[in-house]
Each structure stands twice: as structure tokens, then as C-alpha cells.
Amino acid sequence: MTTAALSKQYDPSDVEPRHLRAWLDAGYFHADAASPKVPYAITLPPPNVTGSLHMGHALGSTLQDILIRWRRMGSWNAMWMPGTDHASIAVHVLLEKDLKNREQKSRHDLGRDKFLERAWVWKERSGNRIVEQEKVMGFSLDWERDRFTMDEVSNKAVREAFVRLYDEGLIYRAKRMINWDPASQTVVSDLEVDRAEEKGHLWELRYPVVGSDAVIVVATTRPETMLGDTGVAVHPDDERYRHLVGQEVELPLTGRRIPIVADTFVDPAFGSGAVKVTPAHDFNDYECSQRCGLPAIQVIDANGKMCPPAPDAYVGLTVEQCRKQIVADLEAAGFLGLVKDHAVPRGRSQRSGAVVEPMLMEQWFVKTEPLAAPAIAAVESGKTKFVPELWTKTYMHWMTNIKDWCISRQLWWGHRIPAWYCGACAHITVSRTDATTCGGCGGTDVRQDDDILDTWFSSGLWPFSTLGWPDKSRDLTTFYPNSVLVTGPDIIFFWVARMVMMGLHFMGKVPFRTVYLTSIVTDENGDKMSKTKGNVIDPLDVVHGATLEQLIERTENDVPDLKNREAAQKNIRKNFTKGVPPMGADALRFTLAALNTSGRYIRLSVDRVEGYRNFINKLWNASRFALMNLDGHDADGFESQLAGKQQVSLTLADRWILSRLQRVATEVEAALESFRFSDAANALYQFVWHELCDWYIELAKAHLHLPHDGSPPSPQRKVAQGVLALVLERTLRMLHPIIPFVTEEIWQKLPKPAHLPASLMITVYPRCEDQLLDAEAEREMALVQELAVGVRMLRSTYNVPPSWSVPVEVRIADDATRAIVDRYRALIENSARVTMNLQASGGPVPGSAKELVRDIAEIVMPLAGLIDVAAEKARIAKDIGKADKEIAALEKKLANPQFLERAPEEVVTEQRGRLAEEQHRKHRLEDALAQLG
RNA sequence: GGGCGGAUAGCUCAGCGGAAGAGCAUUGCCCUUACAAGGCAGUGGUCGCAGGUUCGAACCCUGCUCCGCCUACCA
């Protein structure tokens, strides 16, 4: 093995594309449904085809890839289903804007077919981009199965599901309240409406009671809707109005008479305690009208303009225009009361930004209650578990308050509703195949519904539609249910809940056993990353690096709002003065894994990634060192010797690192089993850097380095080579799911047993090998480390030059302990650059500095002339102070009879031991202080 | 209005009933032949506030104060 094999610094740009290609060519990402192995399946939440890979995707997919790679190495039949989502409304907004900008046309000018043609062309282009980005990240998705929510298989599934639900009476068409986006001209779901309080007014309107001089005052934030009022509601228990219930008021400006009704939804304490009821334009009012038998009168049309039966004077006005006019007219006629400033909760379409208008319209709905009941039961019984568990409540809350789901959208890009209307009769034909005749009268004058289905309808079927449903495919029987779903908590309602409902309904089984909710990635200030805000960090920029200019330039396209853009650019100039250095996919992956704790947010900054890039470089250099010293190493021979329990003369350090390796394997396995990704990453970080590099490699150097005089190496060199190569090889395996590229690169170069496969990806994940656990070695090594650290501390405190091998006296009263230290004297002397004189005890050494190792040992370093007596005294006094505090606390505790009585035996013993130890320490420190004079 | 979180070292966060931890930052010393993207050693915290339960509380309970998020029918 040559030393030139590894460069001094790790360069991911050279390594990553090479291994990606090799893995893809070898087909390692593909899973065979017919494999006898136990299946482990994850379906990737399909990213929107409009988008590019953002940090949220990078996080979720990194975690999924860790699980998939880990299980694959754990001999499971691991399958990770890729795909993209057609995101109908998002695409519409984009394409329509483009059409308007370039050609000043609307989609209607272009026509449905032409529009769809363009949508497909555009999808092909941008859908591939995200796939390429996923590959760059190293995600081991099963690309042979790649799917799209609007491909033929999915379309078949969608039709099947629609028809079945319709036949079962779970899909119906009816006139109900929906949210209308007047800009996009379509229904949007509750979940696609952003609600926020905006500044507005509260107007009091005075409605005269018919047949009396009385006036009933109602308050409203939307006076224009009074044209559609069909009643006034009061609380049934409200003494002020009880006598008026059943009477009528005359609705100003219209001359209509409308009844006063009683309904408990009215809050008597708010405003006047009386509410105008506009059933056609308000959700609550609609529900009230259903209870009270009030009619609905629509006065706002689909364009957001006033329409008949509103009086002619208002017809054609926009809602805003009409509002002004109505207020003026009411005031002129004396019907206006007080006007106050008021914060108005207002819904805006997430996509178009337009104020969403509640409307009464004929639409398609899914009846959700019968679907929700099993979905609730499945989570209650634990068939599906949420991790972290707290999200269960969110799911349950939504499920138990679920409303019927409006699934029709007045868009073109999506699955067209498979319903045909008859020109001759009223029958609606719902069919799996395109209908040419009416299922009612047999007529041929049939026309398909123009609308498409909500994107989430097809997404709800995704865990099984991707596997070929409704066909009973091999894939379906093997990989359904999935093992885990990994996604963000923000789409529990949108997506997770719907998949559970659909999965249970059509497959009779939950779609996944565990739902793991990731943290949400925010910027370093804790703000959610969003393109419009311009505070996104593009994962690919982190991987490949980007100059400051590139980052600034990007905001020109991505952040349309000028104010936001300027803020974003200012922020970028502040935080990325030198741009973003290239970090590599591995560094980003490790960062995301390490930061994904059970908290709800990850504050990501490039600094964090840099820290973990350094870790990768550390691993690289440790490997570089190993390769420089593994000449002549016989991996097969060593490993079979070790496994066969043949005589291998292991040093303390060898036994220790082998034992620690087993502990780490246990830790990592437990962490991954319970989705504690950060614990797994940190355990490995700690092990590699602070155990393998800081201690094992340093100690092994004594054996590995060839003698300078050219004499033959000691026999111990072979053992050190064997242990180092073995530990490194196992460590690479353990790290591989998190940082696949660098581990594969090193692994390929490492001498290793011949029976291993061609790629690290398909090796077996290490588990604890009990025969290599060695508690004694761990205890003894801890002693060696403590002594070495004690000496180093003295050296550091008194600036003893590194070149000077100081003689120290080490006093250890306990014979057995002293014997152990004597046995490993070379280790301590080497790593602390010291020569030890071991004693059971000893008297004062003038001009020396002293350090205690617990109550076990005293290190006395003669430093005549070098030490500052006052400083040394201060240092010791501080330690005595600490000991005093500890002793006081422990004495108090042990003096408490109730503690002695009620605390468990071992706790009491432990505390007694601690007290003795502290007292002993204190005495030694006092001696030391006295000796300084 | 309801619900759910969070408040622990300068920063970001682990720990969730028996000796306060990590990473980053910071301070010394060191270019020691794997790594200066490094090594060695250190500094730094009455665990938001006030009560309570307990032999014992950062951890459990109650209240309060801030800060987030979700959700909602205050017109």
C-alpha cells in the first residue's frame, strides 16, 4: 500500500461523483421484490416538480437514506421509492404567469390541450433537475421504480379510487361552502389558505325592526355582504333580544325583510350581541342558516365581483369598491352606527395571495367521517406510531375534527375527474374508463367534468399506487405496508392523515408502521427558510460551494419582492462575505443528521457544516495515516486469528479500542432503532475523533513507526496494524449510511479480508461482538488516560516545553493500582512526555507542582525556579474551595436520617464513597499547599 | 379563544429524579514526520421566575413571565 494514496486534504468534488456513478452502474440501489430477505420500504415524499431540492428535502431524504442504507447493510430487503408530485396549483400559477408575461395570454386563450402540452414539456425539464440533485446528495433511491403522480399507473389508481369511493357513497357532488381563490379561479382547501390578522374596521349597522321603532344593531367587518343577508341571529338566552326572536327586520338598501333567529353560536358578549347572517359568503353563517332554516343568497360571483340579486347599483363592483359604496350609502340613509378600527382575520390563497372568498358552490367532496374513524383507531391501537410521539396529538386533533374534503379544482394540470354529465338526462356517469354513453339513459351526449382533482387526492394513494395498485403486484405484497414514513410535521394534515385514511380503506392496512417527523430547518435566526424571504441556503451551494456574487445574483430571480430581496442580499453580504466554501454532500449529510434532535427546529448555518466537514477531514487523515503504516499487513490472517481466538498478543490500547468499538456499535444501533439520528452521529464523531484519533492512533504510533536505525520492526507492529485496520474498517461501515462517499473512498483503498464484497455499501453493518468487550481494559485505560492528562495539565500550566521529557514522581498508595500503572508506564510516559518515578508515598519536594488524580494518585513535578509559588497556591486553594463545597453538600446529605432511611442502599453507599474521596483529595491538597510554604 | 412546544455555558442545543454535558466560539501553549480544516491544556452555568411534591428536582406538579408554532365561529 502506497503512502501517496491519499491527499493531505479531503476533496469531495473528486470523490463523490465517481462513487455515485459506480453505485448506480452496479445497481446497488435497486431492490428485488422477490428477494427472500425481510422487506424494509420507505416511500420518498415526492417533491414538487416545480421545485428544486431545498434544505427540508435534504434533511428528510438524508434521514431516509441513513435508514435505508443502514437496513440494507443489516441484510434487509431495503427499497426506497422515488418520485415527484405534479403540484397542480403551483404549476398553474407558474405557467400562467409565464404565459401572461411572454405572450399576454391567459390559459383560456391557449386552450386546455395546448396548455397541458406546455405543462408536460415544462415538467420533463424541471422534474429531471430535482432527480439530479437527489443523486448528488447520494440518496440511494431505487431509480428503476421512479414514479410521477400523473403517470399512467397513478392515473389508473386515481380513477379506481374515485370510482370505488363514489360507488360506496363516500364521494358526492353537492353545493357546499368552499374557499374560492378569485385570482386563480379555483377552489382551494382550508389548508391552502394562510390566515392572518390584517388591519380593518368594524362597522355597526342599524337594522330597523319591522312594525316598531326598534333598531337592532349588528356589527360586521364586511359591510358589503349585507346585500346577501338572510337573517339576524342572537343568542337564545340573551334577555335583550329574546322578545325580538321571530320578528323581522327590514334590510336596508334592498327592501327585503329577513327574520331574527336564535342560535347558540352567537357570543352575547361581543359587540351588540346580534349578528347579521350571510349564508352564501361565510362558513359560520352558512352553518347557522342550516340550523335555522335560512336561505342563502349569493351576491358575490366567481370573479370576486358583486352580482345579482344585489341591487343594480352594486352589480359589477369589486368587493372593495362595493364596501366603500355600501358604507357611504348606509351612512347617508342613517343606517350606519359606530365605526372602529379592528384587526380582521383574513384568509389569503397560499399560491396567488388573493383574499379567499367563502362561496357556496357545487363541488365534489369526500365524506371523511367513515374514513377517519379507522384512521383514528389505527393510531390509538399503535398500528401506526408517531415519532416523536408528541405529534400524535396533532394528528388526532385534526382527525377528530375532520370536515368533508372538497376534492375538485377548477384547474387543468391534474387528474381530470372521471365523471360524465349527460345532455339528455340528469344522470352522472362515473367510470374507470372514458365514458361514451350515459350510464342512466344510454345516450351518447356525454361530457366529462371539466375539473381536476386536488393534488393531495393522488398523493393520498401514493404508498400503494406507486407499487402498482389496483393490480395485485409482487411489489405491493412485498413492500406494503411501508416500514417508515419520514416527513415534515407541517404536512401531517395534508398528507399523512390522508394516506392513513386511504391506505386503510383500500388496502385494509395502515400504509406505514412508523411516521417519523423531522425537525424544520430554519436559518441561523430561527426563521423558517423561504424563497420569498430570501433566507434559503441551497443544499447544492453547500455541496459545491458558491461565491458571494453567485449568491447575490440568485436572489435576483428567486426573490421577486424588492424589499425582501434587499434584506436578503444584505443578510447574504453579512453572513457569507467569502461565499460558501465547497463542503461536499457528506459534510452536509452529517450536519443534518447531527443536528436533527428531538427539537422542532434545526438552525442551520454554514459554520455548522464547516465543523462537520472538518470531522470528515479528520477521518480522512486518520485513514491516510493508517494507509501509510499498513505496508505488509495481512488482513485475512489477522482477522481470522482474532476471530479464532488464537493467541494474539494485544496491548492494552488494542484491547481498549476493540472494546470501545463494540460499545459504539451498540450505541449506534440503539440510536438508529429509535430514530435518534443525532445520537448516532455524535457517538461516531466522539469515537473517531476523541478515542480512535486522540488516543489509539497516538499510542499505536510507538509500534507502527519503523525504527529509525533501519532495524526490523517489532512483532507488535503486525498486531497494531491489524487492530488499526480492523477498527477503521468497522468504523467506516458504521459511518457509511451517514457519509457514504468518503467512507466508500477510504474503504476501497484499505487492505481488508478478501471475502468482503466490492463495495462498502453492501457490506454487513457491524454489531456488538461480545467476545471483544473488555471491561478490564477500559478501566485500566481510563487510569492511563487520567494520569497522562494530569501530567499534561501540569506541563501546560507551567509552560514546560514540549521537547523536555520531565521527570515526575507519581505516588500511588494502593499496590495493585501501582502495579497496573507500572505495567503501562510506557503508554503514560509516551503520551505525556514524561519519565515516571513510581512510589507508594513520599515527602515534600521543594519547588514542585502537584496534581491529584481523584484519590488514587499524586503527580509531583519538580519545577524548581519554573513555578510561580503564588500562582500555584492560588490554583490549589481554588481546588480546595471546590472540594469544600462538595464535602459540605455530601455531609449534609448523609447527615439527613431520612436520606439514609429512604434512599436506595447503593445510592447511600455511593454518596459515602464520594465523601471519602473528596475528603482524601482535600487532605492531599492541603498537604500540597503546606509544602509550598 | 383553544391546543402544543420552548426558556440549561457567549451561541446552537443534548440531558428529563440520584456527582451539570456536547459542538461552535473564546483564552494560553505548540507548525510534534495523519491532519493548523490540526494538537495539548484551560475559562465559562444559583439549568426563566415563584411556590409545591420528594430523603433528594434542570428533570415531576401548580402558578407566573417571556418566545415560537399550530388551530379557531368573536361577527
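Tell me which of these A:F494 doesn't satisfy, since it passes every other one: (1) more than 13 Å from RNA strand B (Cβ to nearest atom); (2) at pLDDT below 90; (3) under 25 Å from the mean Cα position of the chain (by Cα); (4) closer than 25 Å to A:L94 by Cα.
(1)
Go through segment A:504-529 and give me each residue that's free of Cβ contacts under 8 Å to residues at least 24 places away in the same chain and in a loop (DSSP other than H, G, I, E, B).
Within segment A:504-529, A:G508, A:D527 meet the criteria.
So if I check each of A:L604, A:L595, A:L652, which one is more than 28 Å from A:L6 (Cα to Cα), of a type in the set (A, V, I, L, M, F, W, C) and either more than 16 Å from RNA strand B (Cβ to nearest atom) or touching a Cys at 6+ places or on another chain (Cβ under 6 Å) (or both)?
Going through A:L604, A:L595, A:L652 in turn, the sole match is A:L652.
Hey, does segment A:323-332 have a residue that's farther than 14 Å from A:E204 by Cα and surrounded by 17 or more Cβ atoms within 10 Å (Cβ to Cβ)?
Yes, because at least one residue in segment A:323-332 is farther than 14 Å from A:E204 by Cα and surrounded by 17 or more Cβ atoms within 10 Å (Cβ to Cβ).
Only one of A:E160, A:E197 is among the acidic types (D, E) and at pLDDT 90 or above. Can you tell me which? Outline the logic, then answer.
On the way: A:E197 fails: at pLDDT 90 or above.
Going through A:E160, A:E197 in turn, just one is among the acidic types (D, E) and at pLDDT 90 or above: A:E160.
Restricting to segment A:881-913, give me the number of residues that are of a type in the set (A, V, I, L, M, F, W, C), surrounded by 12 or more Cβ atoms within 10 Å (Cβ to Cβ) and more than 7 Å from RNA strand B (Cβ to nearest atom).
Result for segment A:881-913: 7.
Write out, first by first residue and then by second, each pair whose Cβ atoms fall under 7 Å of each other, whose residues are 6+ apart or on separate chains, and whose first residue, in segment A:206-228, is under 23 Å from A:A280 (Cα atoms) and more than 10 Å from RNA strand B (Cβ to nearest atom) while the second is among the aromatic types (F, W, Y) and part of a strand (DSSP E or B).
Pairs found: A:I216/A:Y207.
Condition first: modelled with pLDDT under 90 and in contact with a Gly (Cβ under 8 Å, 6 or more places away or on another chain). Now tell me which residues in segment A:235-256 satisfy that.
Selection gives A:H235, A:D238, A:R240, A:Y241.
Would a scan of segment A:780-793 turn up a residue that is over 19 Å from A:L652 (Cα atoms) and free of Cβ contacts under 8 Å to residues at least 60 places away in the same chain? If you could, list the steps in order and put the result at the bottom.
Step one: list which residues in segment A:780-793 are over 19 Å from A:L652 (Cα atoms), which gives A:790-793.
Narrowing further to those that are free of Cβ contacts under 8 Å to residues at least 60 places away in the same chain: A:792-793.
The answer is yes, given that some residue of segment A:780-793 is over 19 Å from A:L652 (Cα atoms) and free of Cβ contacts under 8 Å to residues at least 60 places away in the same chain.
Among (1) more than 10 Å from RNA strand B (Cβ to nearest atom); (2) modelled with pLDDT of 95 or more, where does A:Q686 come up short?
Answer for A:Q686: the failing condition is (1).
It is to be established whether one or more residues within segment A:132-141 are surrounded by fewer than 16 Cβ atoms within 10 Å (Cβ to Cβ), assigned by TED's automatic domain parsing to the domain that holds A:L461 and over 27 Å from A:G503 (Cβ atoms). Lay out the reasoning, then the answer.
Here is the first cut: in segment A:132-141, the ones surrounded by fewer than 16 Cβ atoms within 10 Å (Cβ to Cβ) are A:132.
Now drop any that are not assigned by TED's automatic domain parsing to the domain that holds A:L461, which leaves A:132.
Checking the rest, the ones that are also over 27 Å from A:G503 (Cβ atoms) come to A:132.
Yes, some residue in segment A:132-141 is surrounded by fewer than 16 Cβ atoms within 10 Å (Cβ to Cβ), assigned by TED's automatic domain parsing to the domain that holds A:L461 and over 27 Å from A:G503 (Cβ atoms).
If you check every pair at least six apart or on different chains, which have Cβ atoms under 8 Å apart with a residue in segment A:698-723 that is without any contact (Cβ under 8 Å) to a residue 60 or more places away in the chain first and a residue that is part of a loop (DSSP other than H, G, I, E, B) and crowded, with 17+ Cβ neighbours inside 10 Å second?
Hits for this filter: A:H703/A:T651.
Go through (1) out of contact with any helix residue (DSSP H, G or I) (no Cβ under 9 Å at 6 or more places or on another chain); (2) buried (at least 18 other Cβ atoms within 10 Å of the Cβ); (3) touching a residue at least 60 places away in the same chain (Cβ under 8 Å) and name the single condition A:C422 misses.
The failed condition is (3).
Those residues that are more than 50 Å from the chain's Cα centre (by Cα) and among the charged types (D, E, K, R), I need them from segment A:775-834; list them, please.
Matches in segment A:775-834: A:E809, A:R811, A:D814, A:D815, A:R818, A:D822, A:R823.
Can we say A:V834 is of a type in the set (A, V, I, L, M, F, W, C) and modelled with pLDDT of 90 or more?
The answer is yes for A:V834.
Here's the yes/no breakdown for (1) closer than 29 Å to A:G74 by Cβ; (2) polar (S, T, N, Q); (3) modelled with pLDDT of 90 or more:
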{"site": "A:R613", "(1), (2), (3)": "yes, no, yes"}
{"site": "A:K618", "(1), (2), (3)": "yes, no, yes"}
{"site": "A:A622", "(1), (2), (3)": "yes, no, yes"}
{"site": "A:Q647", "(1), (2), (3)": "no, yes, no"}
{"site": "A:A653", "(1), (2), (3)": "no, no, yes"}
{"site": "A:R663", "(1), (2), (3)": "yes, no, yes"}
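This table checks each residue for (1) closer than 28 Å to A:A302 by Cα; (2) touching a Phe, Trp or Tyr at 6+ places or on another chain (Cβ under 8 Å).
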{"site": "A:F148", "(1), (2)": "no, no"}
{"site": "A:V153", "(1), (2)": "no, no"}
{"site": "A:W180", "(1), (2)": "yes, no"}
{"site": "A:T186", "(1), (2)": "yes, yes"}
{"site": "A:L205", "(1), (2)": "yes, yes"}
{"site": "A:T221", "(1), (2)": "yes, yes"}
{"site": "A:T230", "(1), (2)": "yes, no"}
{"site": "A:P236", "(1), (2)": "no, no"}
{"site": "A:L244", "(1), (2)": "no, no"}
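For segment A:150-245, give me every one of the strands (runs of 3 or more DSSP E) that falls completely inside it and has 2 or more residues that are among the small types (G, A, S).
Per the criteria, A:193-208, A:231-234.
Within segment A:249-269, which residues are within 15 Å of RNA strand B (Cβ to nearest atom) and either outside any loop (DSSP other than H, G, I, E, B) or touching a residue at least 40 places away in the same chain (Cβ under 8 Å) (or both)?
Scanning segment A:249-269 gives A:V249, A:L251, A:I258, A:I260, A:V261, A:A262.
Do you know which residues across segment A:5-30 are closer than 21 Å to A:E144 by Cβ and of a type in the set (A, V, I, L, M, F, W, C)?
Going through segment A:5-30, the residues closer than 21 Å to A:E144 by Cβ turn out to be A:17, A:19-30.
Passing the criteria: A:L20, A:A22, A:W23, A:L24, A:A26, A:F29.
Restricting to segment A:304-318, what's the tally of residues that are under 41 Å from the mean Cα position of the chain (by Cα) and surrounded by fewer than 18 Cβ atoms within 10 Å (Cβ to Cβ)?
Total satisfying the criteria: 0.
So which residues in segment A:809-823 are among the hydrophobic types (A, V, I, L, M, F, W, C) and assigned to a helix (DSSP H, G or I), if there are any at all?
A:A816, A:A819, A:I820, A:V821
Which of the residues spanning segment A:377-401 are touching a strand residue (DSSP E or B) at 6+ places or on another chain (Cβ under 7 Å) and β-branched (V, I, T)?
Result: A:T384, A:V387, A:T392.
Can you tell me how many residues in segment A:270-303 are within 43 Å of the chain's Cα centre (by Cα) and within 15 Å of RNA strand B (Cβ to nearest atom)?
14
Residue-wise test of (1) of a type outside the set (G, A, S); (2) outside any helix (DSSP H, G or I); (3) in contact with a helix residue (DSSP H, G or I) (Cβ under 6 Å, 6 or more places away or on another chain).
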residue: A:A826; (1), (2), (3): no, no, no
residue: A:L838; (1), (2), (3): yes, yes, yes
residue: A:V845; (1), (2), (3): yes, yes, no
residue: A:G865; (1), (2), (3): no, yes, no
residue: A:A870; (1), (2), (3): no, no, no
residue: A:K878; (1), (2), (3): yes, no, no
residue: A:K882; (1), (2), (3): yes, no, no
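Could you tell me whether segment A:564-586 includes any residue that is part of a helix (DSSP H, G or I), acidic (D, E), more than 8 Å from RNA strand B (Cβ to nearest atom) and free of Cβ contacts under 8 Å to residues at least 12 places away in the same chain?
For segment A:564-586, residues part of a helix (DSSP H, G or I), acidic (D, E), more than 8 Å from RNA strand B (Cβ to nearest atom) and free of Cβ contacts under 8 Å to residues at least 12 places away in the same chain: present.
Could you identify the single residue in A:K367, A:K383 that is of a type outside the set (A, V, I, L, M, F, W, C), away from RNA strand B (no atom under 16 Å from the Cβ) and more than 22 Å from A:I171 (Cβ to Cβ)?
A:K383
Mind checking which residues of segment A:787-820 are within 20 Å of A:I657 (Cβ to Cβ), more than 10 Å from RNA strand B (Cβ to nearest atom) and surrounded by fewer than 21 Cβ atoms within 10 Å (Cβ to Cβ)?
A:I820, the sole residue that qualifies.
The values are calculated or read from the model by the stated rules, or taken from the named source; none is laboratory data. For clarity, every value in this text was computed on a predicted model and none was experimentally measured. Note that we place each Cβ from the backbone using ideal geometry, even for glycine, and neighbour counts take in every protein chain shown.
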